[in-house]
Amino acid sequence: MFDDRCDLLCLDLPTAERLRGRRLDPRLAESAAGKARALDDPTRLTLAAALLEADELCVCDLSWIVERAQNLVSHHVRTLRAHGVVCSRRQGKMVMYALTDEGRALVEAVLAAAAVPRTERVGV
């Protein structure tokens, strides 16, 4: 079994101290991790990818695109909204969803890291 720990203490103190002083603020880390967790479900990532290709969509459109029930899609977009990945607005009897600027950047980064070609981003 491979052990991921060093067998001896080999601390590069100058580098470690420099990076320790610049480490991510815990509140910022929690917020960023929440946004990343918002995309850890394949359906939510697919919904966000669809919103990347459109200015805004309603739950009916999103349900059709991902071939899932509206109540499930509503649950997923609520999660995305709670983490600031999407925003919503009411238009008469419809609720329209769009990616926030942060959400757009996050979805683009995730899809780029996964090497998903732009032509294959929408769909299930």
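None of the figures in this text is laboratory data; all of them are computed from the coordinates on show. Owing to the predicted nature of the structure, the values given are computational and were not obtained by experimental measurement. Note: ideal-geometry Cβ built from the backbone for every residue, glycine included; neighbour counts use all protein chains shown.
Maximal additional length on extending the residue 72-residue 87 stretch stands at 3.6 nm, based on 0.36 nm per residue less the C-alpha distance. Dipole magnitude for the chain: computed about the Cα centre from +1 point charges on Lys and Arg Cβ and -1 point charges on Asp and Glu Cβ, it is near 520 debye. Our helix-only sum for the chain, with -39,500 (n - 2.57) per DSSP H run of n ≥ 4 divided by its residues, gives a mean residue ellipticity at 222 nm of -16500 deg cm²/dmol.
With 0.36 nm allotted per residue and the present C-alpha distance subtracted, the residue 108-residue 30 stretch has 26.0 nm of extension available. Taken over the Cα atoms of region 33-119, the convex hull encloses 87 Å³ per residue.
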